[in-house]
Every structure is written in C-alpha cells, then in structure tokens.
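Before any comments, here is the structure.
What follows draws every value from the coordinates through simple rules; no lab data is involved. Owing to the predicted nature of the structure, the values given are computational and were not obtained by experimental measurement. Neighbour counts run over all protein chains shown; Cβ positions are idealised from the backbone, glycine included.
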Amino acid sequence: MSFSPQEALQRTIEHREIFFDEMVDLMRQIMRGDVSPMMTAAILTGLRVKKETIDEIAAAATVMREFALAVPVADTTHLVDIVGTGGDGSHTFNISTCAMFVAAAAGARVAKHGNRSVSSKSGSADAVEALGAAIELQPAQVAAAIEQTGIGFMFAPIHHPSMKVVAPVRREMGVRTIFNILGPLTNPASAPSVLMGVFHPDLVGIQARVLRELGTERAMVVWGRDNMDEISLGAGTLVGELRDGKVREYEIHPEDFGIAMSASRNLRVDGPEQSIQMLRAVLDNEPGPALDIVALNAGAALYVAGVASDIGDGLARARAAIANGSARQRLQQYVETTRALVA
C-alpha cells in the first residue's frame, strides 16, 4: 500500500519526519503526476516549514535520479560536477562555468549539470550557450562530448523531463522548496565527486551528508560568509568535505592560499554579455579577482576529483592551465565538438 499524501501532509504539520522509504514512495507519486497540484504545494510548503531532513532530501534525490535520463559514461575516473544551488542573490559572473573549462584543462573530467538563470544575471546554461556551444544535447551526445573533450554540460530540462509535472506548482508558489536543493544532487552522469555551492550555511553539513547517503565518493559543499554559493574571496567559506565516508566541517579563507580578499561586488555583472566578457578575460589570463576566484574554485574541483593532492595544489594547476592557454583552448574545443554533435 502506498504512502498517502494526506499522511505526508499531516506529518509535516506536526513537524514529524517522513521516513526514507515513505519519501521515496511519495516522490514517485508526485513525479508521476498522481498527486494533485494543491496537495503537492501543501506538502512542499509543509516540508519547507518543518525543515527537510537528510533522509527526506536523499530519498527525493534518489527518485529524481530514477526518473532522469542518465548519461552513459563508461569511465568515471576524475569525473566531477561543479555546481551551485543558485539563489544566493549575488549576481556574479558565471564562476562555476568558467571553472569547468579550467578544471578540464588541468586534468579533471567535468560533467556539469545546469539550467538557466536563478541567482546570477546569467545561468550556466545561458553562459555555455552564449559562448557558442550547443546545450540541448541528448544523453549519448553528452557522453561523447565528455569522451572527446573532458567536458559535458547537461541541460537540466532535457535530463529531467518529469519535472514538467511540478513546474507549474513551483512557478505559482514562487518560494524555495525542496526542489531548489535537489538539482545539484541529481547529476545525470553520476559523477562520483562534486564541488557544490549552497545558498544557506545550514545546507553545508546537510548536503554533504545527503551526498554520502547517495553514494558520492568525494565532495566539498561550500558557502561563503558573504552569502556566495562558491568558495569566496570576500569572506571565509564554510566547507563540508566528504571523504572516505566521513564528513568534516571547517572554514577556509582566501589568504590561506595567498589570495588577496576582494568583495563579491567586484564580480557582479549586469547581464549575460558582461558575464561572458569577464569569463573570457579570465581565460585570457587577465589578472584580478575574477581570475583568482575561478582558479580557487577550479582548484577545489581538482582536489575532490582526485587530480590534486589538496586545494593549494589544485589552485597551482588551475593557474597553470589558464596561463598556458589550455583552458581557453578547451573552451574552443568544447564549442566545436558540441556543434558537430548536433549538426
């Protein structure tokens, strides 16, 4: 007998947990469209108010992965996702997208899962498209791009078609729900490592533990104290690191890596064009805070991907990939490869 939506709602009202197997059952019903929009909205609101537990988030992510169109990557060695929840309101240029090209040029393989704009003036999908690459790749084409270039950008709407069921509810609600934190947990290529930025400090420890439940091997979940969902230059960054099945929480600062502090306002953009200009300036090795923050985040990605021994080593590798032009070349290669794949 399936877990009833009415019971789920009652649990949230009473601030009681929905257990893992129950949440799996409930999410399957929601994703199939078996739960009415009104009841779906009520349950999502109830979960948000009582605060979602690690098991509830892990169960929901498990079902989203189940309903997703998977990318068939045969070899996941050094495969990493660089992703943020968005919603931090910082309106910065596309830091994680730029870091994708740098990390790939420095020895990682990046399977980045993204969508159009949430918190930035230009979402990762907007940026990749504006750079000239094809974004609407089918799963086999993404796998081919990873094989040929070490990069695969997975446009969320293609890989999560069942999200169409809840899209109208989310749009009408207009507030954050559990779905805002599920996207970064549901990489269709099953990347075994992830650098994930989050929009709230409470999520640092929570998401790291959810990733452990989901079988992720290595992860860093980060939140900048200046409210950035990246490793920040403007303040300390809280880190939840998953390694060897254990989660360790600590704080890092740009000075730890010989980088001068710089306020996030120096990275803000007014729209997609300015974001792309800043991204290209980084890949052209133009000194400044934009280059520093990309290199630092790419360095962390190289660390969790197992390419670098620590963040400092990753930072050095990232800087070298930018300075010698290989990151810029990797961008061009990715653009040409994706265009050829859809031609």
* With the contact rule set at Cα under 8 Å and sequence spacing of 6 or more, what percent relative contact order holds for the stretch 5-51? -> 57
* Structure fact -> The answer for the net charge of residues other than residue 28 whose Cβ lies under 10 angstrom from its Cβ, with Lys and Arg +1 and Asp and Glu -1, is -2
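Among all stretches of the chain without exposed GluC sites (Glu not before Pro) (DSSP loop, at most 16 other Cβ atoms within 10 Å), which one is longest?
It works out to 137-343.
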* Around residue 80: net Lys/Arg minus Asp/Glu count, Cβ-Cβ under 12 Å -> +1
* DSSP loop trypsin sites (Lys or Arg not before Pro) with at most 13 other Cβ within 10 Å: longest gap in the chain -> 52-343
* Using 0.36 nm per residue of separation minus the Cα-Cα distance, give me the extension gain between residue 200 and residue 213 in nm, one decimal. => 2.7 nm
* Gained length - residue 176 relative to residue 336, 0.36 nm times residue gap less alpha-carbon distance -> 53.9 nm
* Asked: P(r) for the chain: what percent of alpha-carbon pairs falls in each 10 Å bin, starting at zero?
  -> 6, 27, 35, 22, 8, 1, 0
* To do: Give me the distance in nm between label points sitting 7 Å out from Cα along the Cα-to-Cβ direction at residue 265 and residue 51, one decimal.
  => 3.2
* To do: Can you put 198, 142 in order of Cβ neighbours within 10 angstrom, beginning with the fewest?
  => 198, 142
* Asked: All other residues with a Cβ under 13 Å from the Cβ of residue 165 taken together, and with Lys, Arg as +1 and Asp, Glu as -1, what is their net charge?
  -> +4
* Classify the stretch 5-51 as rounded, prolate or oblate, taking a ≥ b ≥ c as the square roots of the eigenvalues of its Cα gyration tensor: rounded when a/c is under 1.5, otherwise prolate if a/b is larger than b/c and oblate if not. => oblate
* Which FRET efficiency, nearest 0.05, do residue 138 and residue 329 yield, Cβ-Cβ r, R0 35 Å? -> 0.85
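At 222 nm, what helix-only mean residue ellipticity would the chain give, in deg cm²/dmol to the nearest 500, using -39500 (n - 2.57) for each DSSP H run of four or more?
The helix contribution divided over the chain gives -14500 deg cm²/dmol.
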* Among 49, 31, 19, flag the residue with its Cα farthest along the positive direction of the charge dipole of the stretch 5-51, charges on Cβ as +1 for Lys/Arg and -1 for Asp/Glu. => 49
